[in-house]
Amino acid sequence: MNLRACPAGFSGRRTLPGLGVEGMEFLRAAAELIPALTGVGMAVYDGGGEVLDRFEGQYCFSPALQGIYTAHGLAAFLDSSPGGQLYELVEPLGSRLAAFQAGGCWVLLGPYVAEGWNSRAARVLLAGLGASEAAVGPYKAYRCGLPIARQEDVRKAALAVVGHGGGQVSGFQTVYTGAGRWEPGPEYSGAYADAAVINRRYALEDSFAAAIRRGDRAAAARVLEGFKDVSADLRFMSDDMRDQFAGAAAIRTMVRREAKEAGLSPVLIDSISQEYAQRMRRAVSQGELNALIGRYVEHFCAEVRKVREAGHSPCVRRAVDYMEANLSRRMTVAEVARAAGVDRHRLSEAFGRETGMTLKRYLARRRCEIAAELLLDGRFSVQQAAAYVGYADNNYFSKVFKEHQGMSPQKYRKARGLPDRVGLRR
């Protein structure tokens, strides 16, 4: 279980020693807020061994070197250390863990690292501990799964929890835990060296890409579920929202790339992607973000299916998408052809063959369809609807509208029980 999903850091007791219901609720709220603000996980230890067992399973890479991250080692330190201090535990592999008391129980913030990955520094560190080059890959997977944080930010978060929890910190103490030596054999957690898990992740990416290119929403959704398990196994992502936003951005990029391969035009791809990127940035929970990712994938799959069903060539699809994005603007065939990436004669020939109409006729038909929607709204006059889709001349608009809808705009409105003349409501 991932302790960065903070309620998992509680032992499961109804109340914590020394805490009333309000105090417990405060810690639960803090356990949601602190990771969201800092990216650093938070766990609460009230004497229940299952919390430390989960911590060891999540964060102990090498028991020989990180004895402080084992359930036994951490319990021994916490049970023997006086309260009133903010301890920063530094273990030999370079990660840090803040520990302090609030409301009669111990709060753990971390582990975290002070800086990003550096291959040379990692090799020097591992060599000094007696490890070999074979440890670099697993160690990198472990270390890159930890958040980067500044010591002062972690301290501020700790002081905020202590202050609101009714406690106090009289000082800061850095504790460098035992140096230890790298041990031969299976000296580190197998989860960081399991090639099968890594291979499965890349196989899932390939399956996801293929599903997007087919427009297969159901298959893409199944692969997304598989991603969650693999990401958790590899520690690439935690449950805090900053990691979730990063994961969502990666998925958006992958979907955009495969949608383009499937024949969607950059104009359409960018329009859809911007819409969902804005919504995702406003998401306030993992559940909301996951729902938006699902709708994003579904939207692109639907567009890909349209392309496949229509059987349009890439240049025709790009031309259609460009005209859709610029319906109310005056545009020439040459301009549309440039957007489609071909010369005007080739585009005109392909467009006529695949759609049965000229670009000019297609553009007029789509303008009239949108104008018809506005006319049925009941708040827009014919003049306003015409101007919206790019027709400054009402008489010309009425002529084009009648050609495509079979009646004038006025008759179209009357036939649907709307008055001939309306204006915008105030």
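The values are calculated or read from the model by the stated rules, or taken from the named source; none is laboratory data. None of these values were measured; they are calculated from a predicted model. A quick note on method: Cβ atoms are made from the backbone with ideal geometry, for glycine too, and the neighbour counts reach across all protein chains shown. SASA here: full protein model, heavy atoms, side chains in, ligands and nucleic acids out. Shrake-Rupley method; radii C 1.70, N 1.55, O 1.52, S 1.80 Å.
Quick notes on this one:
- The residues of the stretch 360-408 that are open to solvent by less than 60 Å² (accessible area, probe 1.4 Å), assigned to a loop (DSSP other than H, G, I, E, B) and farther than 25 Å from residue 320 by Cβ, listed by number, are 378, 380, 381, 407, 408.
- Of all residue pairs spaced 6 or more apart or on separate chains, those with beta-carbon atoms under 9 Å, a first member in the stretch 278-289 that is within 12 Å of residue 252 (Cβ to Cβ) and a second member that is basic (Lys, Arg) and not in a loop (DSSP other than H, G, I, E, B) are 279/295; 280/252.
- The set of residues in the stretch 325-336 that are more than 15 Å from residue 361 (Cβ to Cβ), open to solvent by 40 Å² or more (accessible area, probe 1.4 Å) and part of a helix (DSSP H, G or I) contains only 325.
- Considered as a group, the residues in the stretch 24-63 that are open to solvent by 30 Å² or more (accessible area, probe 1.4 Å) and modelled with pLDDT of 85 or more include one that is nearest to residue 129 (Cα to Cα), and that residue is 63.
- Test: residue in the stretch 333-341 that is closer than 30 Å to residue 409 by Cα and charged (D, E, K, R): yes
- Residue count for the stretch 307-328 under the criterion of being under 19 Å from residue 369 (Cα atoms) and free of Cβ contacts under 8 Å to residues at least 40 places away in the same chain: the result is 1.
- Some residue of the stretch 74-84 being more than 13 Å from residue 161 (Cβ to Cβ), in a loop (DSSP other than H, G, I, E, B), open to solvent by less than 20 Å² (accessible area, probe 1.4 Å) and at pLDDT 90 or above: no
- For the stretch 110-161, a residue qualifies if it is over 17 Å from residue 39 (Cα atoms) and among the basic types (Lys, Arg), and the qualifying residues are 120, 123, 140.
- Test: residue 152 is without any contact (Cβ under 8 Å) to a residue 40 or more places away in the chain, part of a loop (DSSP other than H, G, I, E, B) and open to solvent by 70 Å² or more (accessible area, probe 1.4 Å): no
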